[in-house]
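The values are calculated or read from the model by the stated rules, or taken from the named source; none is laboratory data. On a predicted model such as this, the values are computed, not experimentally measured, just so you know. Neighbour counts run over all protein chains shown; Cβ positions are idealised from the backbone, glycine included.
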Amino acid sequence: MLGGQIGVTQAAARTVPVMRKALLIVLVLVVIAIGAAFYLGWFSVSTSHDPEAGRSGIHFVMDQNKIQADFQKAKDKIAGAASSAQ
């Protein structure tokens, strides 16, 4: 009985590094996607300051029109490449 428990523990110990690697890969992909979105102009961040009221603000803007236009361009390029390959 003890041998069975050790096997399960060893399998669980091997699973932890795999899960950490998978989580790290997902995190890196998310960071890359966010960076690409800022680079393409889909997201923007700006700050404002009102000295009279003593307030500062951060504004996050998502340009949905730009995102849709870029996706349409990508669809058109893919469709053009597919039709020229045939």
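The number of residues in segment 45-58 that are under 24 Å from Ile34 (Cα atoms) and over 20 Å from the mean Cα position of the chain (by Cα) comes to 5.
To keep it simple, each residue is scored yes or no on (1) at pLDDT 85 or above; (2) surrounded by 10 or more Cβ atoms within 10 Å (Cβ to Cβ); (3) under 30 Å from Asn65 (Cα atoms); (4) β-branched (Val, Ile, Thr).
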position: Gly4; (1), (2), (3), (4): no, no, no, no
position: Gln10; (1), (2), (3), (4): no, yes, no, no
position: Thr15; (1), (2), (3), (4): no, yes, no, yes
position: Ala22; (1), (2), (3), (4): yes, yes, no, no
position: Leu29; (1), (2), (3), (4): yes, yes, yes, no
position: Ile32; (1), (2), (3), (4): yes, yes, yes, yes
position: Phe38; (1), (2), (3), (4): yes, yes, yes, no
position: Gly41; (1), (2), (3), (4): yes, yes, yes, no
position: Ser48; (1), (2), (3), (4): yes, no, yes, no
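If you filter segment 17-46 down to residues that are of a type in the set (Val, Ile, Thr) and touching a Phe, Trp or Tyr at 6+ places or on another chain (Cβ under 8 Å), you find that the one that is nearest to Asp63 (Cα to Cα) is Val45. Quick check on Gly80: is it modelled with pLDDT under 90, in a helix (DSSP H, G or I) and surrounded by fewer than 10 Cβ atoms within 10 Å (Cβ to Cβ)? Here the answer is no, as Gly80 does not meet what is asked.
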